[in-house]
1. Report in % the part of the accessible area of the chain that belongs to carbon and sulfur, leaving out ligands and nucleic acids; probe 1.4 Å.
2. I'd like the orientation of helix 182-191 relative to the chain: the angle between its Cα long axis and the longest Cα principal axis, in ° from 0 to 90, rounded to 10.
3. Once amide H atoms are placed 1.01 Å from N in the peptide plane, what residues at a sequence separation of 5 or more from V112, or on another chain, have their amide H within under 5 Å of its amide H?
4. Write out the trypsin sites (Lys or Arg not before Pro) in segment 133-166 meeting two conditions: DSSP loop, and at most 15 other Cβ atoms within 10 Å of their Cβ.
5. If each DSSP helix of 4+ residues adds -39,500 (n - 2.57) and the sum is divided by the residues in the chain, what number results at 222 nm, nearest 500 deg cm²/dmol?
6. Around G73, what is the net charge, scoring Lys/Arg as +1 and Asp/Glu as -1 over all other residues with Cβ under 11 Å from its Cβ?
7. Find how much the distance from H46 to R183 grows on full extension, using 0.36 nm per residue of separation minus their present alpha carbon separation; answer in nm with one decimal.
8. Mind telling me which of S162, S130, S173 comes out most flexible in a GNM of the chain, alpha-carbon contacts under 10 Å?
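The values are calculated or read from the model by the stated rules, or taken from the named source; none is laboratory data. None of these values were measured; they are calculated from a predicted model. Don't worry about glycine lacking a Cβ; one is built from the backbone with ideal geometry, like all the others, and counts go over all protein chains shown. Side chains included, ligands, DNA and RNA excluded: accessible areas come from the protein's heavy atoms. Shrake-Rupley method; radii C 1.70, N 1.55, O 1.52, S 1.80 Å.
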Amino acid sequence: MSVSLSKKKGKKGNPGAGRELVMNEQQGTLSAYGARFLLIPVKLIHSIEDRLTESFGPVTATSFQYEIGREGGAQYIHLAQKAGFSLKSPNDIQKIASSLGTLDGWGKLQIVDFDPTKKFARIRWKNGVSVRNRKGKTPVCHFGRGILTGAVGEIFGTRLESIEVSCQGKGDSFCEAIIGEPREISRLADTRP
């Protein structure tokens, strides 16, 4: 049995028009935008984060989470292109963030600044999957920040880096990452308290 959960098709050319989530019970698969997906509980992400930290220490675990996220972010952009989303304007990018970010449960994303000429982006989100409590001392959204960095890098056609400047995991009202050229992000990281 195959179950299709789809939105009505929009006007021709509308981003996301015709997108659908298909659950094929006979094959045991879930797909959307022509790609297979997997529903996993957020606690599994937490378990992976914890195991990486226990096995490799916090610095290496952070790096692994970020790099795995970066690869995933690049894949999200390929998926968005397959689904017919445009990558031409900040408004287009917001539509991708709203559709794919929310559909996949990553949280509510907002594009604050997006400048392809400067290869710079500032993205906020709420309810990220890595936030477990709101009393930490450092940002915790390494996986999510990696996804955003990989996605923006794919859009700009270059390898970028990022820094999380606000995090709900340390009591801020939202999480926010600045994504840009490695040299600029290093400079910004060096000037932060």
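1. Working: 6090 of 11340 Å².
C and S atoms contribute 54 percent here.
2. Tilt relative to the chain: about 50 degrees.
3. Excluding prolines and chain starts, which carry no amide H, the hits are R122, I123, R124.
4. Values: sites: R134, K135, K137, R145, R159; in loops: R134, K135, K137, R159.
Here the sparse-neighbourhood loop sites are R134, K135, K137, R159.
5. Working: 5 runs with 72 residues, N = 193.
That comes out to -12000 deg cm²/dmol.
6. Details: positive: R70, R145; negative: E67, E71, E154.
Taking every other residue near G73 into account, the sum is -1.
7. On the way: separation 137, 0.36 × 137 = 49.32 nm, distance 3.09 nm.
Gain on stretching H46 to R183: 46.2 nm.
8. Taking springs between Cα atoms under 10 Å, the residue moving most is S173.
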